[in-house]
1. If you go through region 1-38, how many residues are under 24 Å from the mean Cα position of the chain (by Cα), crowded, with 17+ Cβ neighbours inside 10 Å and not hydrophobic (A, V, I, L, M, F, W, C)?
2. With respect to Gly79, is the statement that it is within 15 Å of the chain's Cα centre (by Cα) and not acidic (Asp, Glu) true?
3. Output the number of the condition that Ile95 fails; it satisfies all remaining conditions of (1) assigned to a loop (DSSP other than H, G, I, E, B); (2) more than 29 Å from Ser209 (Cα to Cα); (3) touching a helix residue (DSSP H, G or I) at 6+ places or on another chain (Cβ under 8 Å).
4. If I filter region 81-109 down to residues being aromatic (Phe, Trp, Tyr) and more than 24 Å from Arg129 (Cβ to Cβ), which single residue comes out as surrounded by the most Cβ atoms within 10 Å (Cβ to Cβ)?
5. Please go through region 159-192 and give me each residue that is among the polar types (S, T, N, Q), surrounded by 17 or more Cβ atoms within 10 Å (Cβ to Cβ) and modelled with pLDDT of 95 or more, ordered by number.
6. Just the residues that are of a type in the set (D, E, K, R), under 18 Å from Ser40 (Cβ atoms) and under 21 Å from the mean Cα position of the chain (by Cα), please, taken from region 146-204.
7. Which members of region 1-55 meet the condition of being of a type in the set (Asp, Glu) and within 19 Å of Arg202 (Cβ to Cβ)?
8. Give the residue that is nearest to Ile3 (Cα to Cα), with candidates limited to residues of region 60-80 that are in contact (Cβ under 8 Å) with a residue 40 or more places away in the chain and buried (at least 18 other Cβ atoms within 10 Å of the Cβ).
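The values are calculated or read from the model by the stated rules, or taken from the named source; none is laboratory data. Keep in mind that this is a model prediction, so the values were computed, not measured. Using ideal geometry, Cβ is built from the backbone for each residue, glycine included, and neighbour counts are taken over all protein chains shown.
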Amino acid sequence: MFIDGRKVPDGTVVETGLAIIGAGAAGISIARELAGTGISVTLIESGGFDFDPETQDLYEGESVGVDYPLTSSRLRYFGGTTNHWGGWCRPFEPIDFEERDWVAYSGWPVTRAELDPFYERAREVCQIRSPAFDDASAWEEGGKPMPLAGGEVETRFFLYSPPTRFGKKYRPDIERAKNVSCYLHSNVTEIVPTENGAEVERIDIETLSGVRFSVKPKVCVLAAGGIENARMLLLSNSVEKAGLGNRNGIVGRFFMEHPHIPSPATFLVTDRALVAEWYRTYTRMTTPAGNVVIRGCLMFAPEYLRRTRRLGTVITFSP
């Protein structure tokens, strides 16, 4: 069910088994997984069902390093940034999870193989109509790889979600779930831990209209995105002065973005047939069966990345 946080009596304490901060792709997916179970779930969302400029302005901030659009890149209402995403989907490469001596602090505690079953479940949630992310059969129906010598560059592809608007698509699931309560227009101001910092004591919430209440969970999940998760942890400093979980000073220091280099090179092709082939192969394309939308790209082979000590790169063509 949905609850308007602006109408909650001031000073209310909501006790719950699981609190999820953020009702975007991750938060909604977790809540759906637990719908119908014996676990009480509280989903906390800053916005409502529609875009609101005053709520969106809470994303404002200063980007002191490489400039990053803090507001235009994200949306702060039910469904999160899936309300305007383009639907490009592709899992991380296996090498992305490996410890690489030329990439500082690299190495994840999980492997790509361990995540593959979850990628498949994510594919279903994102409504991607293909047997698997790396199933080449759909690709072969509609295009063919570009002939490349040496094996250093490989033809790969992205699959497309419709794109799924999580707020619209899965709103009925949250509304029907008797054990899930989604509080809208509810801004988290601090995550207050116990004195030893080991557990969450409560989550303080305030609406733009001035209503204050709190959620007291047994377990808390941060699902507000890479920027807001770090912001909330750093602002939660009533017990740990450097911020919650920031004893080593690394909260917010590993923000992952995929920088774009527009038009790094221009190819002059005089063969009309070759231009047509590239266009069919490396731009958004629907397979003949009409059930899979894909886009071709070029990626460096992992062996080449290891030998040259480079980072992963994706090259797309726009004829």
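1. Of the residues in that region, 5 qualify.
2. When the stated conditions are applied, Gly79 passes them.
3. Just one mismatch for Ile95, condition (1).
4. Step by step, filter region 81-109, then rank; the result is Phe97.
5. Thr164, Asn179, Ser181, Ser186, Asn187
6. Scanning region 146-204 gives a single hit, Asp173.
7. Of region 1-55, the ones of a type in the set (Asp, Glu) are 4, 10, 15, 33, 45, 50, 52, 54.
Selection gives Asp10, Glu15, Glu45.
8. Phe78
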